[in-house]
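Since the structure comes first, as structure tokens, the remarks are kept for the end.
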Ligand SMILES: [Zn+2]
């Protein structure tokens, strides 16, 4: 019996609902989970934490291998298969995945899917019935699916077990709690006028803005960074729509099923005063 809600992703900035979704994804016994975002969005870090969660769900022991090029966050329980340094054309990386699979692991952890060779090895690994965690450069979870599908030359069929979910994320500067300030309609700085108007029409009466000069306990008004995410759990209907190339329909199904967009998540953080709306919009686009 899979354990649900046994890991705390909220410590990285995921919402309670996203925490539940991530825990559910990590309880799957087979299939691919993709971690998507642009470079430097923290997806590899989240993937490594997810790998820890997978381990917790398999207390009887699981055999894991990681093939990372370059290695970023070591998975303590995984055997790391080195990728030869002459990986200029990506072949050494895909060969390393192939050799990792000969050990018949239960979990395969790889870095980015960049080409057809890797996408096909990943699909082959998923079809052999194991858990695969990998990341992909993309600016939405739907585009991530399309990108993966385009790279793969193997048939992805209608088998809904192949991809369990896509965790898409970005990192937004967290405003310093000591020097940031609340802005209300009475005195909106010029540079915030436009975003304030839009957020006010969504019912916000105040926003917390970053003090770009900073204070003794921060750098330019920033304490650290926090995750804004969109988690696409793939249902059979969504899988079908994506396989048919209908991203719009897939998105409609996602939203009608209660899915929250990355903009929704970032807006929650603006409402809580955790992030400056301008910083949020720089990373995820218009909030409203
Ligand atoms: Zn400060």
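The values are calculated or read from the model by the stated rules, or taken from the named source; none is laboratory data. What you see is a predicted model, and the numbers here were worked out from it, not measured in a lab. Cβ atoms come from the backbone with ideal geometry, glycine included; neighbour counts cover every protein chain shown.
Could you please let me know if residue 201 is away from the ligand (no atom under 16 Å from the Cβ), over 20 Å from residue 250 (Cα atoms) and modelled with pLDDT of 95 or more? Considered against the rule, which asks whether it is away from the ligand (no atom under 16 Å from the Cβ), over 20 Å from residue 250 (Cα atoms) and modelled with pLDDT of 95 or more, residue 201 comes out as no. Taking the numbered list (1) crowded, with 17+ Cβ neighbours inside 10 Å; (2) under 20 Å from residue 18 (Cβ atoms); (3) within 14 Å of the ligand (Cβ to nearest atom) in turn, residue 224 passes all entries but (1).
For the criterion of being surrounded by 19 or more Cβ atoms within 10 Å (Cβ to Cβ), at pLDDT 95 or above and more than 22 Å from residue 258 (Cβ to Cβ), residue 142 fails. In this structure, is residue 191 at pLDDT 95 or above and more than 26 Å from the chain's Cα centre (by Cα)? The answer is no for residue 191. In the range 162-214, counting only strands (runs of 3 or more DSSP E) that sit wholly within it, the ones holding 3 or more residues that are in contact with a strand residue (DSSP E or B) (Cβ under 6 Å, 6 or more places away or on another chain) and within 30 Å of residue 35 (Cα to Cα) span 163-175.
To keep it simple, each residue is scored yes or no on (1) out of contact with any helix residue (DSSP H, G or I) (no Cβ under 7 Å at 6 or more places or on another chain); (2) touching a residue at least 24 places away in the same chain (Cβ under 8 Å); (3) not in a strand (DSSP E or B).
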{"position": "73", "(1), (2), (3)": "no, yes, yes"}
{"position": "98", "(1), (2), (3)": "no, no, yes"}
{"position": "104", "(1), (2), (3)": "yes, yes, yes"}
{"position": "145", "(1), (2), (3)": "no, yes, yes"}
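Which one of 214, 245, 257 is within 16 Å of the ligand (Cβ to nearest atom) and more than 18 Å from the chain's Cα centre (by Cα)? Only one candidate passes the filter, namely 214. If I filter the range 217-229 for residues that are touching a helix residue (DSSP H, G or I) at 6+ places or on another chain (Cβ under 6 Å), in contact (Cβ under 8 Å) with a residue 40 or more places away in the chain and over 18 Å from residue 42 (Cβ atoms), do I get at least one hit? For the range 217-229, residues touching a helix residue (DSSP H, G or I) at 6+ places or on another chain (Cβ under 6 Å), in contact (Cβ under 8 Å) with a residue 40 or more places away in the chain and over 18 Å from residue 42 (Cβ atoms): absent.
Determine whether residue 139 is in contact (Cβ under 8 Å) with a residue 24 or more places away in the chain and touching a strand residue (DSSP E or B) at 6+ places or on another chain (Cβ under 6 Å). In short, no. Of the set (1) modelled with pLDDT of 95 or more; (2) within 16 Å of the ligand (Cβ to nearest atom), all apply to residue 165 but (2). Residue-level analysis places residue 209 among those that are more than 21 Å from the chain's Cα centre (by Cα), buried (at least 16 other Cβ atoms within 10 Å of the Cβ), on the phi < 0 side of the Ramachandran plot and within 16 Å of the ligand (Cβ to nearest atom). Residues in the range 248-265: is at least one closer than 21 Å to residue 40 by Cβ, in contact (Cβ under 8 Å) with a residue 60 or more places away in the chain and buried (at least 16 other Cβ atoms within 10 Å of the Cβ)? So far as the range 248-265 goes, yes, one or more of its residues are closer than 21 Å to residue 40 by Cβ, in contact (Cβ under 8 Å) with a residue 60 or more places away in the chain and buried (at least 16 other Cβ atoms within 10 Å of the Cβ).
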